[in-house]
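I have placed the structure first, in the form of C-alpha coordinates, so that the comments after it can refer back to it.
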Amino acid sequence: MSPQKDSRPSVELILYQSLPPRYSTAALAELADVHPEMVLCYWRLGLLQAEEQKPQGPLFDDDALFLLKRLEQLRKEYSLSLRALRLLAQALHLREG
(Lines give C-alpha, C1' and ligand atoms only; values in the text may rest on other atoms or scores of the structure.)
Protein backbone atom coordinates (compact mmCIF):
# COMPACT_ATOMS: atom_id res chain seq x y z
CA MET A 1 0.00 0.00 0.00
CA SER A 2 1.24 3.42 -0.85
CA PRO A 3 0.78 6.30 1.61
CA GLN A 4 -2.09 8.62 0.73
CA LYS A 5 -1.50 12.30 0.36
CA ASP A 6 -3.49 14.64 2.55
CA SER A 7 -6.01 16.35 0.28
CA ARG A 8 -6.77 19.14 2.77
CA PRO A 9 -5.29 22.52 1.91
CA SER A 10 -2.41 23.54 4.11
CA VAL A 11 -2.64 26.73 6.11
CA GLU A 12 0.32 28.65 7.44
CA LEU A 13 -0.20 30.94 10.39
CA ILE A 14 2.05 33.98 10.37
CA LEU A 15 2.26 35.82 13.67
CA TYR A 16 3.25 39.45 13.88
CA GLN A 17 2.82 42.26 16.32
CA SER A 18 1.27 45.39 14.93
CA LEU A 19 2.17 48.78 16.25
CA PRO A 20 -0.52 50.66 18.12
CA PRO A 21 -2.12 53.46 16.13
CA ARG A 22 -0.61 56.89 16.48
CA TYR A 23 -2.72 59.93 15.65
CA SER A 24 -1.53 63.45 15.04
CA THR A 25 -3.47 66.29 16.62
CA ALA A 26 -5.26 66.96 13.33
CA ALA A 27 -6.13 63.28 12.78
CA LEU A 28 -7.39 62.86 16.34
CA ALA A 29 -9.50 66.01 16.03
CA GLU A 30 -11.02 64.80 12.78
CA LEU A 31 -11.85 61.35 14.21
CA ALA A 32 -13.49 62.91 17.28
CA ASP A 33 -15.17 65.69 15.30
CA VAL A 34 -13.57 68.51 17.31
CA HIS A 35 -11.30 71.42 16.43
CA PRO A 36 -7.55 70.63 16.67
CA GLU A 37 -7.14 73.48 19.17
CA MET A 38 -9.54 71.65 21.52
CA VAL A 39 -7.31 68.56 21.36
CA LEU A 40 -4.29 70.67 22.26
CA CYS A 41 -6.22 72.38 25.04
CA TYR A 42 -7.14 69.03 26.63
CA TRP A 43 -3.55 67.85 26.18
CA ARG A 44 -2.08 70.98 27.81
CA LEU A 45 -4.48 70.60 30.74
CA GLY A 46 -3.28 67.04 31.20
CA LEU A 47 -6.62 65.50 30.30
CA LEU A 48 -5.18 63.71 27.25
CA GLN A 49 -1.92 61.80 27.36
CA ALA A 50 0.33 61.75 24.31
CA GLU A 51 2.16 58.53 23.49
CA GLU A 52 5.02 60.40 21.90
CA GLN A 53 6.15 63.96 21.44
CA LYS A 54 7.52 64.66 17.96
CA PRO A 55 8.81 67.98 16.59
CA GLN A 56 5.56 68.32 14.64
CA GLY A 57 3.48 67.77 17.79
CA PRO A 58 2.13 65.08 20.10
CA LEU A 59 1.00 61.67 18.88
CA PHE A 60 -2.01 60.01 20.49
CA ASP A 61 -3.31 56.43 20.70
CA ASP A 62 -6.78 54.85 20.73
CA ASP A 63 -7.15 55.47 24.47
CA ALA A 64 -6.77 59.20 23.86
CA LEU A 65 -9.35 59.03 21.08
CA PHE A 66 -11.86 57.27 23.34
CA LEU A 67 -11.24 59.75 26.17
CA LEU A 68 -11.49 62.75 23.86
CA LYS A 69 -14.88 61.59 22.60
CA ARG A 70 -16.05 61.04 26.19
CA LEU A 71 -14.80 64.45 27.34
CA GLU A 72 -16.55 66.16 24.46
CA GLN A 73 -19.76 64.26 25.19
CA LEU A 74 -19.67 65.37 28.83
CA ARG A 75 -18.83 68.94 27.88
CA LYS A 76 -21.69 69.20 25.39
CA GLU A 77 -24.41 67.18 27.13
CA TYR A 78 -23.88 68.55 30.63
CA SER A 79 -22.36 71.93 29.73
CA LEU A 80 -19.27 71.13 31.80
CA SER A 81 -16.50 73.67 31.77
CA LEU A 82 -12.89 72.68 31.18
CA ARG A 83 -12.26 73.21 34.88
CA ALA A 84 -15.08 70.82 35.78
CA LEU A 85 -13.78 68.24 33.31
CA ARG A 86 -10.32 68.54 34.83
CA LEU A 87 -11.68 67.99 38.37
CA LEU A 88 -13.75 65.04 37.18
CA ALA A 89 -10.73 63.48 35.45
CA GLN A 90 -8.64 63.91 38.60
CA ALA A 91 -11.34 62.31 40.75
CA LEU A 92 -11.64 59.35 38.38
CA HIS A 93 -7.87 58.96 38.28
CA LEU A 94 -7.69 58.89 42.09
CA ARG A 95 -10.48 56.33 42.21
CA GLU A 96 -8.70 54.07 39.69
CA GLY A 97 -5.27 54.43 41.26
*Within the stretch 32-41, track down each residue that is closer than 14 Å to Leu67 by Cβ, in contact with a helix residue (DSSP H, G or I) (Cβ under 6 Å, 6 or more places away or on another chain) and in a helix (DSSP H, G or I).*
Ala32, Val39
*Conditions (1) under 13 Å from the mean Cα position of the chain (by Cα); (2) assigned to a strand (DSSP E or B); number of the one not met by Gln53*: (1)
*Exclusive hit being under 12 Å from Thr25 (Cβ atoms), among the small types (Gly, Ala, Ser) and in contact with a helix residue (DSSP H, G or I) (Cβ under 9 Å, 6 or more places away or on another chain), set Ala89, Ala84, Ala50*: Ala50
*Go over the candidates Leu67, Leu59, Leu48 one by one and state the one that is part of a strand (DSSP E or B) and under 18 Å from the mean Cα position of the chain (by Cα).*
Leu59
_When residues of the stretch 31-72 are limited to those that are under 16 Å from Leu92 (Cα atoms) and without any contact (Cβ under 8 Å) to a residue 24 or more places away in the chain, the one surrounded by the most Cβ atoms within 10 Å (Cβ to Cβ)_ = Leu48
*What single numbered condition from (1) modelled with pLDDT under 90; (2) in a helix (DSSP H, G or I) fails to hold for Asp6?*
(2)
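The values are calculated or read from the model by the stated rules, or taken from the named source; none is laboratory data. Here the structure is a predicted model, which means the values were calculated and not measured. A quick note on method: Cβ atoms are made from the backbone with ideal geometry, for glycine too, and the neighbour counts reach across all protein chains shown.
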